[in-house]
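Q: Below you will find the structure I want to go over with you.
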Amino acid sequence: MGIFKQHIDYLVSETTAALQATGYEGLWIYSGHPENNFLDDMAPPHSINPHFKWWVPVAHVTSSVLHFEPGQKPKVYLHQPADFWHKIIDNSQEPWAAYFDVIVIGHYSELPDFAQVRNHAWIGSKELCPLDEAHTNPQALLNYLHFSRIQKTEYEIHCIKKANEAALLGHQAAKEAFYAGCSEYEIHMAYLMACQHNEYQMPYGNIVALNENPSVLHYQYQNRVRIEKGQLKSFLIDAGANYKGYAADITRTYAYKEDMFAEMINRLDEKQQQLCSQVVAGQDYVELHQQAHLNISEVLHEFGVFKCDAETAVSSGLSQTFFPHGLGHYLGLQVHDVSGHVIDRQGTVKNPPEEYPFLRLTDVLREGAVVTIEPGLYFIPMLLKEIAGHQDVDWSRVEELSPYGGIRIEDNVVAGKECAMNLTRG
Ligand SMILES: [Mn+2]
């Protein structure tokens, strides 16, 4: 539990400084609660307030509140109603609870009278918030805390590593299911089974794409129909896992046969590993993204898609047709973790360069930040149409490779002081 204590100490010192800097005496953080669907008595799976799970590593909690005031032990009002409809888990005795005063409540009405507490801020959904607007999700306070979330504690890195380990079990099962000729849906189910997750526990919807489907970047269906083995070409899977509220986000691409596409995957994999090794404190992520464009263009040139050299493909903007998304993003309590476009505690925004509008991370990497590195190359009909007949493209090669959809390879990497730490490999 040593690393969890260090984690809580970090949260205490960061939150104390944040409250002082923004003029509040204390803080309430609400876990949130399930909201029913429109005209229905059923709610979608509850997604817990990330600020709450930053402190309290409990997956199944709703209608609970954390109270923090500098100099006091943090308090958790843990909602455990008398309920014969649901299983109520008593997590008030778990090891994490030693660092809090845990007060079990049966009903929201047992919470303290918020109006009696002077000058506190509230972070959480607004419906139940008893405070006025100036004290509800104040932007200056959120900016401060979101910036604190960039740098991960040792405990958080441990959680993301455990999430990676679970996800890799799924990825291994998915790979085997692909080579066995399973459908997208069957691969998806094999993945869930292997990593022991329910679908609602996944940090994001699995992308399980066969043949041309990887060309849809967020392909959201799982086809139930098997593809004949003779017709199978490629498989892209972008799927994560969850450990104590922390996410893994991993992508792999496979070729069904040992063909040119298989060689392209290997080549992109080499480039991706080079990029991963550059995840070090002080590295400008925008520059890394630009380098990825060059790397991807080198692969496309080597395999005859680009007739021009890689530099020309990048400077003319041609590479953006084949790599239209960003190199990656922060990873943590949220898959696309906060503060990707923010460069200081005041919330100063640094937008991505005009030519790369979808880049989710624009700052210089800080020690302890966890990022994804996910270069890709795709044959996307909608984008190819926009450059139809382009003289620097070998269109017969594009036609030959389009049925494979595309390639993406994604690892989760910690920016170290001197070297990168890849949580997905090694
Ligand atoms: Mn990602």
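Throughout, read-outs are computed from the coordinates displayed, never taken from laboratory work. These figures come from a predicted structure and were not determined experimentally. Positions of Cβ are generated from backbone atoms using ideal geometry, with glycine treated the same way; all protein chains shown enter the neighbour counts.
Q: Between segment 252-321 and segment 9-47, what is the C-alpha centre distance in whole Å?
A: Answer, in whole Å: 40.
Q: What number, in percent, do you get for the relative contact order of the chain if the mean sequence gap of Cα pairs under 8 Å and at least 6 apart is divided by its residue count?
A: 15
Q: OK, next. I'd like to know which of Ala420, Val364, His197 lies farthest towards the positive end of the charge dipole of segment 154-422, counting +1 on Cβ of Lys and Arg and -1 on Cβ of Asp and Glu.
A: Among Ala420, Val364, His197, the one farthest towards the positive end of the dipole of segment 154-422 is His197.
Q: Further question on the same structure: Let me understand segment 154-422 better: what is its radius of gyration from the alpha carbons, and its Dmax, in angstrom?
A: Cα only, segment 154-422: 18.2, 57 Å (Rg, Dmax).
Q: Further question on the same structure: How high is the FRET efficiency from Lys87 to Leu169, r the C-beta distance, R0 41 Å, rounded to 0.05?
A: Efficiency, rounded to the nearest 0.05: 0.95.
Q: Oh, and also: Going by how many other Cβ atoms sit within 10 Å of their own, how do Leu236, Leu359, Leu131 line up, fewest first?
A: Least crowded to most crowded, the residues run Leu131, Leu359, Leu236.
Q: Run the simple label-point estimate for Glu302 and Glu133 please: 7 Å along Cα→C-beta, distance reported in nm.
A: 5.7
Q: Indicate, rounded to the nearest 5 percent, the antiparallel portion of the DSSP beta bridges found entirely in the chain.
A: Bridges in the chain are about 75 percent antiparallel.
Q: Going by C-beta contacts inside 10 Å, put Arg252, Arg224, Arg267 in order with the fewest on the left. Could you put the intermediate results ahead of the total?
A: Numbers: Arg252 23, Arg224 9, Arg267 18.
Ordered by Cβ neighbours within 10 Å, fewest first: Arg224, Arg267, Arg252.
Q: Hey, another quick one. Kindly express, to the nearest 10 degrees and within the range 0 to 90, the angle between helix 139-148's C-alpha long axis and the longest C-alpha principal axis of the chain.
A: In the chain, helix 139-148 runs at an angle near 60 degrees to the longest axis.
Q: Rounded to a whole number of µm²/s, how large is the Stokes-Einstein D of segment 152-279 at 20 °C and 1.002 mPa s, given Rh as the Kirkwood radius over C-alpha pairs?
A: Values: Rh = 15.3 Å.
Answer, rounded: 140 µm²/s.
Q: Under the rule of -39500 (n - 2.57) per DSSP H run of 4 or more residues, summed and divided by the residues of the chain, what mean residue ellipticity at 222 nm is obtained, to the nearest 500 deg cm²/dmol?
A: -10000 deg cm²/dmol
Q: Between beta-carbons, use under 15 Å as the cut-off and find the net charge around Glu133, counting Lys and Arg +1, Asp and Glu -1. All intermediate terms of the calculation are to be shown ahead of the outcome.
A: Details: positive: Lys126; negative: Glu127, Asp132.
Every neighbour counted, the sum reads -1.
Q: What is the helix-to-structure angle for 2-22, meaning the angle in degrees between its Cα long axis and the longest Cα principal axis of the chain, kept from 0 to 90 and rounded to the nearest 10?
A: 80
Q: Over segment 170-299, what is the relative contact order in percent, taking alpha-carbon pairs closer than 8 angstrom and at least six residues apart?
A: So the answer I get is 19 percent.
Q: In addition: Suppose R0 equals 41 Å. What FRET efficiency, 1/(1 + (r/R0)^6) with r the Cβ-Cβ distance, do Asp9 and Lys257 give to the nearest 0.05?
A: 0.15
Q: Would you kindly calculate the mean projected area, averaged across all directions, of the convex hull enclosing the Cα atoms of segment 11-160, in square nanometres? Can you show the working numbers first?
A: Details: hull surface 40.1 nm².
Projected area, direction-averaged: 10.0 nm².
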